[in-house]
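To start, the structure under review is shown below, and the notes come after it.
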Amino acid sequence: EEVLKKLYKDLEERKDQAGLEEDGFSYMYAMTYTEEIDPLDDFGYTFVDLTGTGYPALAILRNDETPIVYDLFSQEDGNVKHIFSSAERDYFTLSGYEGTDFAAIHEHASGGADLTEDNMFVLDPLKNELNQQVSFLYDGRENAENPFAVSYYPFDTPENLTQEEWIQRMENFGQDRLFTLTAIASVEP
């Protein structure tokens, strides 16, 4: 409740990027402000059990059919814990299969058209932090001949893959999911 009230106030005031970050939110909210759209209606929240423990995390997304999670919060010993904020070239989605629990928290990181990394995490219920499971790397800078690779925990030796194998293994984690959201405007400030 305290996180949602703070975000309500920040969006109502249309805080700039620095102000949002200072308050513990992604700076990307400020990049969506327009005269025509009220940010309190433009963003929404949902609660998602990412650990299977029955304790849901708070995910904040835009109400525009994009799966980017701007911020994810959980709880630890009754206190709010910020898990991540998305950025332009390093953003997060929640992946899984329709009608099932989630398979992964999916980080999409880009260093340009020829360098991307897709990391799959789970939210560790004991430590309440991200626990990386696998990393899919496309590196056309260092390995233009065979840019597709995957590495699994403990990430010692990447395995080179064909593009088809790379796509198939990524699909094992499901698709980026969309949610029915409650508008931030509905929060009692």
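The values are calculated or read from the model by the stated rules, or taken from the named source; none is laboratory data. Here the structure is a predicted model, which means the values were calculated and not measured. With ideal geometry, Cβ positions are generated from the backbone for all residues, glycine too; neighbour counts draw on all protein chains shown. Calculation scope for accessible area: heavy atoms of the full protein, side chains included, ligands and nucleic acids excluded. Shrake-Rupley method; radii C 1.70, N 1.55, O 1.52, S 1.80 Å.
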**Cα lying deepest toward the dipole's positive end in segment 1-154, options I105, I37, G78, charges on Cβ** = G78
**Asked** Rounded to the nearest 500, what is the chain's calculated 222 nm mean residue ellipticity when only DSSP H runs of at least 4 contribute -39500 (n - 2.57) each, over all residues?
**Response** -4000 deg cm²/dmol
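State in Å² the accessible area per residue of the chain; use a 1.4 Å probe, count heavy atoms of protein chains only, and round to the nearest integer.
Per-residue accessible area for the chain comes out at 56 Å².
Once you've got the Cα coordinates, tell me which of K6/K81; K15/K127; K9/K127; K5/K81 are over 21 Å apart.
Details: K6/K81 14 Å; K15/K127 32 Å; K9/K127 30 Å; K5/K81 16 Å.
Violating the 21 Å Cα-Cα cut-off are K15/K127; K9/K127.
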**Item:** Fraction of accessible area attributable to carbon and sulfur, the chain (%, probe 1.4 Å)
**Value:** 46
**Request:** Compute, for K81, the solvent-accessible surface of its heavy atoms (probe 1.4 Å) with the complete set of protein chains present, and express it in square angstrom to the nearest 10.
**Result:** 50
**Prompt:** Relative to the Cα centre, what is the charge dipole magnitude of the chain, using +1 at the beta carbon of each Lys and Arg, -1 at the beta carbon of each Asp and Glu, and rounding to the nearest 20 debye?
**Reply:** 320
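Once R0 is set to 41 Å, what does the formula 1/(1 + (r/R0)^6) return for the Cβ-Cβ distance between M31 and Y97, expressed as a FRET efficiency to the nearest 0.05? Please list the in-between numbers first.
On the way: r = 31 Å, r/R0 = 0.75.
Calculated transfer efficiency: 0.85.
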**Message:** If I histogram all Cα-Cα distances within the chain using bins 5 Å wide from 0, what percent of pairs lands in each bin?
**Reply:** 1, 8, 15, 19, 18, 15, 11, 7, 4, 1, 0, 0
**Prompt:** Taking only Cα atoms, what is the 0 to 90° angle, nearest 10, from helix 2-12's long axis to the longest principal axis of the chain?
**Reply:** 80
